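The values are calculated or read from the model by the stated rules, or taken from the named source; none is laboratory data. Predicted, not measured: the structure shown is a model, and the values here were computed from it. When we count neighbours, we look across all protein chains shown, and the Cβ atoms used for this are built from the backbone with ideal geometry, even at glycine.
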Amino acid sequence: MDSNIKSGLSPLPLAHGNAAANVLHSSAAEKFGTPCYLFDTDVFAKRAADVHAAFGERVGLCYSIKANPFLLAALPEVFSYIEVCSPGELSICEKVGAPLDKIIFSGVNKTEEDVARAYADGVAIFTAESRLHVRLINDCAVKNGGRVKLILRLAHGSQFGMDKADLTDIIAHRDSFEGVEIIGLHYFTGTQKTKVKTIAKELELLDEFCMELESEYGFKAQHIEYGTGLGVEYYKDFTEETELALLAEAAETVKAFAEKYPLTVEMGRFFAAQCGSYLTKVMDIKTTNDINYVICDGGINHLNYYGQNMAMKVPPISLVNGTDCENTADYCLCGSLCTTADILVRKVTLPELKRGDILAFDKCGAYSVAEGISAFLSRAMPKVSLYSKAEGLQLVRDLTETYPLNTPQRR
C-alpha cells in the first residue's frame with residue numbers, strides 16, 4: 001500500500017463524505033495537488049462483479065471505454081469485451097496493452113483506414129451502422145484474405161444504426177459478403193434508464209425481430225450486444241443501494257432474454273460512475289449581493305454531471321479534512337473560467353469554508369474526465385490518479401496544458 005495511505009481503506013464504494021473517503025481524498029490532494037481526478041479501481045471492480053453476479057454466467061459484459069478510458073489500466077477480467085468507438089480509443093487500447101481480441105469496434109463514422117487498423121489489430125467483432133460500413137468491412141477482409149465477425153446495429157430514432165428495411169436486406173443477401181460473418185445485432189437506445197419496463201419493452205422488440213429474421217431469412221442470432229443504459233442516481237441518493245436494487249430488478253428481464261439468445265450487456269456509466277471523485281481547491285471567497293461565491297481552481301471544463309440542469313441540482317460534495325465547525329453557510333460554487341456559465345453548484349449548504357479548503361465531488365467516474373469543454377479559455381486539464389488497496393495512489397496523467405491546442409501555428 002502507498003505510504004501516503006495510513007489506514008486500511010475498504011474497497012467498497014466511497015460513501016458520501018465518510019471518514020475513509022476523506023483520508024483517501026486528503027492523501028491524493030496532498031500528494032498530487034488540485035485539480036485532480038481520483039478513480040478507485042477497487043470500486044470499479046466491485047461494481048463489475050456486482051453486475052456479473054446479478055446477470056449470471058450466461059450474460060457477457062462489455063465495458064464502453066468512452067465512459068472513462070483511464071479505467072483500462074485496471075480492467076477486471078470479468079469483462080468479455082471492450083467497446084471502442086473511435087480511432088483515438090483504439091490507439092489508447094494499443095498503447096496501454098489492452099486485450100485487442102476483446103474489442104468490439106463500433107462508431108458511427110468509420111473510414112477505410114479505421115477499418116484497416118482494427119482489422120490489423122485483430123479485434124473480436126465489428127459493428128456496422130450503415131450499408132457503407134458493411135461494404136468497407138467486407139472489402140477490407142476480402143483484400144486481406146480473411147473473414148471477420150460483424151453485428152448490425154438496429155436504429156432507434158437517431159443517427160445511429162440502420163432501420164429494419166436496410167438491416168433485413170443486408171441479412172437477406174448475407175451470402176454475398178465473402179469477408180464477413182454476420183453473427184447478430186447491436187441495440188442501444190439511450191442512457192439513464194430508471195424503469196425496468198423500458199428495458200423489458202426493448203428486449204421484447206429485439207426478441208420479436210430476431211424471431212422474424214429466423215423465420216423469414218433463416219438467420220439465427222449468435223450474438224446480441226445490448227446496452228441497458230441503467231441509470232445512476234447523482235442527486236437524491238448518494239448510496240449504492242438504489243442502483244443495486246435497479247440492477248437486481250433489471251436482472252430478471254435480462255436473464256430471461258439470455259435464455260433465448262447469446263447476450264452481451266454493454267454499459268459505461270453504470271460500471272464507472274461510482275468509482276470517481278474530483279478534487280478542487282477553494283481559491284477565493286467573496287460575498288456579493290448576499291450571495292457567497294466560492295472560486296475553485298477547477299470548473300465546468302473539468303466536471304460534468306448528467307442532467308444537472310444549469311447547476312441547479314446538487315451532486316455528492318464533501319469538505320475534505322474540514323474542521324468540526326458547527327457553523328454552515330450557503331455557497332455558490334464557481335470555477336476559474338471567465339464566463340458566467342462556470343457554476344458547479346448554484347446553491348449548496350456546507351461547513352464554513354476558507355481559502356485553501358479542498359472539496360470532493362463524488363460519483364464522477366463516468367464521462368466527466370473526457371466529456372466537456374476541456375480547452376475552453378486555455379485552462380489546464382486536471383491531473384488524473386488511480387487508487388487500489390493493492391497498489392495505493394498512482395498518478396496516471398499530470399496537469400496538461402491546453403493552450404498549445406489553441407495557439408495558431410505560423411507557417
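Consider Asp284 against the criteria (1) surrounded by 16 or more Cβ atoms within 10 Å (Cβ to Cβ); (2) touching a residue at least 60 places away in the same chain (Cβ under 8 Å); (3) not assigned by TED's automatic domain parsing to the domain that holds Ile65: it satisfies all of them except one. Which criterion is unmet?
Result: Asp284 fails condition (1) only.
Count, please, the residues in region 124-155 that happen to be outside any strand (DSSP E or B) and in contact (Cβ under 8 Å) with a residue 40 or more places away in the chain.
Result for region 124-155: 5.
List the number of the failed condition for Thr264; all other conditions in (1) in a strand (DSSP E or B); (2) touching an Asp or Glu at 6+ places or on another chain (Cβ under 7 Å); (3) closer than 16 Å to Ala366 by Cβ hold.
(3)
Which of the residues belonging to region 326-385 are among the β-branched types (Val, Ile, Thr) and either farther than 23 Å from Tyr293 by Cβ or in contact with a strand residue (DSSP E or B) (Cβ under 7 Å, 6 or more places away or on another chain) (or both)?
Thr328, Ile343, Val345, Val348, Thr349, Ile358, Val369, Val384
Give Ala375, Ala380 a once-over and let me know the one that is farther than 23 Å from Cys332 by Cα, in the same structural domain as Leu319 (by TED's automatic domain parsing) and within 25 Å of the chain's Cα centre (by Cα).
Ala375
May I ask you to say which residue of Ile183, Ile199, Ile224 is within 25 Å of Asn144 (Cβ to Cβ), in the same structural domain as Ser158 (by TED's automatic domain parsing) and among the β-branched types (Val, Ile, Thr)?
Result: Ile183 is the single residue among Ile183, Ile199, Ile224 that is within 25 Å of Asn144 (Cβ to Cβ), in the same structural domain as Ser158 (by TED's automatic domain parsing) and among the β-branched types (Val, Ile, Thr).
Restricting attention to region 294-302, does a residue exist that is in a helix (DSSP H, G or I), in contact with a helix residue (DSSP H, G or I) (Cβ under 7 Å, 6 or more places away or on another chain) and either not small (Gly, Ala, Ser) or not assigned by TED's automatic domain parsing to the domain that holds Leu386 (or both)?
No - not one qualifying residue is present in region 294-302.
Which members of region 251-281 meet the condition of being surrounded by 21 or more Cβ atoms within 10 Å (Cβ to Cβ) and without any contact (Cβ under 8 Å) to a residue 60 or more places away in the chain?
Phe257
So the check is Cβ under 9 Å with 6+ separation or different chains; which pairs have a first residue in region 61-85 that's over 22 Å from Tyr187 (Cβ atoms) and assigned by TED's automatic domain parsing to the domain that holds Asp101 and a second one that's at pLDDT 95 or above and among the acidic types (Asp, Glu)?
Between residues of region 61-85 that are over 22 Å from Tyr187 (Cβ atoms) and assigned by TED's automatic domain parsing to the domain that holds Asp101 and residues that are at pLDDT 95 or above and among the acidic types (Asp, Glu), the close pairs are Pro69/Glu89; Ala74/Asp42; Ala74/Glu391.
Here are the criteria: (1) over 30 Å from Ile151 (Cβ atoms); (2) polar (S, T, N, Q); (3) touching an Asp or Glu at 6+ places or on another chain (Cβ under 9 Å). Tell me which single one Thr288 does not satisfy.
So the condition that Thr288 fails would be (3).
Could you please give the count of residues in region 354-373 that are surrounded by fewer than 20 Cβ atoms within 10 Å (Cβ to Cβ) and at pLDDT 95 or above?
Count: 3.
Here are some residues: Leu337, Leu350. Which one is modelled with pLDDT of 95 or more and part of a strand (DSSP E or B)?
After ruling out the rest, the residue left standing is Leu350.
To keep it simple, each residue is scored yes or no on (1) within 20 Å of His25 (Cβ to Cβ); (2) more than 23 Å from the chain's Cα centre (by Cα).
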| residue | (1), (2) |
| --- | --- |
| Thr264 | no, no |
| Ala272 | yes, no |
| Lys281 | yes, yes |
| Glu352 | yes, yes |
